[in-house]
Structures are given as C-alpha cells and as structure tokens.
Amino acid sequence: MIYLYTKDNCSVCKEIKEILKVKNIDFQEFNLSDPKVIEDVLFKTRSTGVMTLGNAPIMQKDGLFYFGGDAVKILTGVPLRNCRTCGLGGGDIAG
C-alpha cells in the first residue's frame, strides 16, 4: 500500500494521484491541511532530516519516503519539471 500526503492546490500532488489511478495502484491519501496528519507525517519522517511539509507530495512506499518530484519519478522514471505551487522541482528520498 502506498500512503500519499498531499496539499490542496498542488499540481504535483494532483499529477501523482492521476499516475497512481492510471497504473491501478492502491493508495491512501492524507491531506496536509489537517493538523493531525501534519503531526503524524512529522513524527514518521523525523529521522530523515528532510523538511517534509514544504515537499508535497510525500509518498511512503515499502518503508521509504519520497518527497516532492521524486515521488513522481519513482513511479514513472521521468524527472519532474519545476512546480511553482509547491516550490520544488526535484525532491529527496529518505528511509
């Protein structure tokens, strides 16, 4: 199961959800506007050293976290273009 942490009005978040749907991959989405979700994701990623909340989408897959554009890249193999909404163009991977 893939866990996906997203933000409202985030084009990269929307893109990764479409990729998951097209590839028929099961995922559970959590919105980062919910304070409980923020607390949960900060707790889970605290050891990664990556500032998580600015790096949406955050994808948890097989115990690893993929941040920003790397979440899309891991699913498609294609690097992500810059995202003005989310303020990133790449991303980080952490476990």
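The values are calculated or read from the model by the stated rules, or taken from the named source; none is laboratory data. Because the structure is a prediction, the values reported are computed rather than measured. Glycine gets a Cβ as well: all are built from the backbone with ideal geometry, and neighbour counts include every protein chain shown.
Among the conditions (1) over 22 Å from GLY77 (Cα atoms); (2) surrounded by 15 or more Cβ atoms within 10 Å (Cβ to Cβ); (3) of a type in the set (Ser, Thr, Tyr), TYR3 misses just one, which is (1). The strands (runs of 3 or more DSSP E) found wholly in segment 27-95 and carrying at least 1 residues that are of a type in the set (Lys, Arg) and modelled with pLDDT of 70 or more occupy 58-61.
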